[in-house]
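The values are calculated or read from the model by the stated rules, or taken from the named source; none is laboratory data. If you're wondering where the values come from, they're calculated on a predicted model, not measured in any experiment. Cβ atoms come from the backbone with ideal geometry, glycine included; neighbour counts cover every protein chain shown.
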Ligand code: ARG
């Protein structure tokens, strides 16, 4: 007699939810000039060697993964002397064809703001030049019709007001407290952004008490990740609603995602982790 494995039942006996993939359009930047020559987050150590060719190879696997998922992948040319430009998520926020440009906290990255805005303009987006310091999708995540907006290390909370004015959507401020999780996308992942079935994952210790209350109240069924998975930037992942591209080392998160009906796809970006970034950091979603 053979056992019948019913894939719709989870280990704990619950019904595994059905998830639906929606094709995404994303912007990426090859790490051709990636290296660590300054330190603007605790992951970066200019004394440690980096291997740019390996970074390009690993990034190419992420790029190919998105193509295999049927995503519409756009590329922006990397610029010599801007080693962090590979982290495209920081280049801005794009919703409804409107691109809110980035204005970086650290002088080392400031020239990236105009470079990304030039690309947005050349590609027909309605560009809004920012007045406030903000690092784009690194700190801003769209969940349903709400924008979760991080602050504490990089984006100024004043940029949250600018966001609300531009997009006419609810903006919820979340305060980050651990310097290792300095951007919102290192501490929180959007798994399903479909209005009415919003689903996220996060690391509770990365937030202050008020933000944590907000998260618990709004997302009672969120996936709570382990410190171990967060420490390999496991949360820095990109979901199309069913397929979730994650750090291959985030083993518990991978299991949790399966339990929740997702299809996790592991990618190794160890070289880019030396700059303090992972999957999501390399991905800017274009919602046109
Ligand atoms: N070295 C970059 C910085 O510190 C990494 C950016 C990571 N990007 C992200 N979306 N979390 O700014």
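Figures for the structure shown
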| quantity | calculated |
| --- | --- |
| Selected residue (criterion: farthest from residue 283 (Cα to Cα)) from residues of the stretch 133-146 that are free of Cβ contacts under 8 Å to residues at least 60 places away in the same chain and crowded, with 22+ Cβ neighbours inside 10 Å | 134 |
| Sole exception among (1) outside any loop (DSSP other than H, G, I, E, B); (2) without any contact (Cβ under 8 Å) to a residue 60 or more places away in the chain; (3) more than 16 Å from the ligand (Cβ to nearest atom) for residue 257, by number | (2) |
| Residue 238 more than 13 Å from the chain's Cα centre (by Cα), at pLDDT 95 or above and buried (at least 19 other Cβ atoms within 10 Å of the Cβ) | no |
| Residue within the stretch 261-272 that is part of a loop (DSSP other than H, G, I, E, B) and more than 25 Å from residue 92 (Cα to Cα) present | yes |
| Residues satisfying the stated conditions in the stretch 157-171, i.e. surrounded by fewer than 17 Cβ atoms within 10 Å (Cβ to Cβ) and either under 17 Å from residue 224 (Cα atoms) or touching a residue at least 40 places away in the same chain (Cβ under 8 Å) (or both) | 169 |
| Selection from the stretch 15-65 of residues that are within 16 Å of the ligand (Cβ to nearest atom), under 22 Å from residue 246 (Cβ atoms) and not in a loop (DSSP other than H, G, I, E, B) | 26, 27, 28, 55, 58, 59, 62 |
| Filtered residue count, the stretch 106-163, keeping only those that are within 16 Å of the ligand (Cβ to nearest atom), touching a strand residue (DSSP E or B) at 6+ places or on another chain (Cβ under 7 Å) and over 25 Å from residue 177 (Cβ atoms) | 2 |
| Qualifying residue in the stretch 44-58 (condition: under 17 Å from residue 284 (Cα atoms) and either surrounded by 18 or more Cβ atoms within 10 Å (Cβ to Cβ) or under 20 Å from the mean Cα position of the chain (by Cα) (or both)) | no |
| Of the criteria (1) without any contact (Cβ under 8 Å) to a residue 40 or more places away in the chain; (2) touching a strand residue (DSSP E or B) at 6+ places or on another chain (Cβ under 7 Å), which one residue 174 fails | (1) |
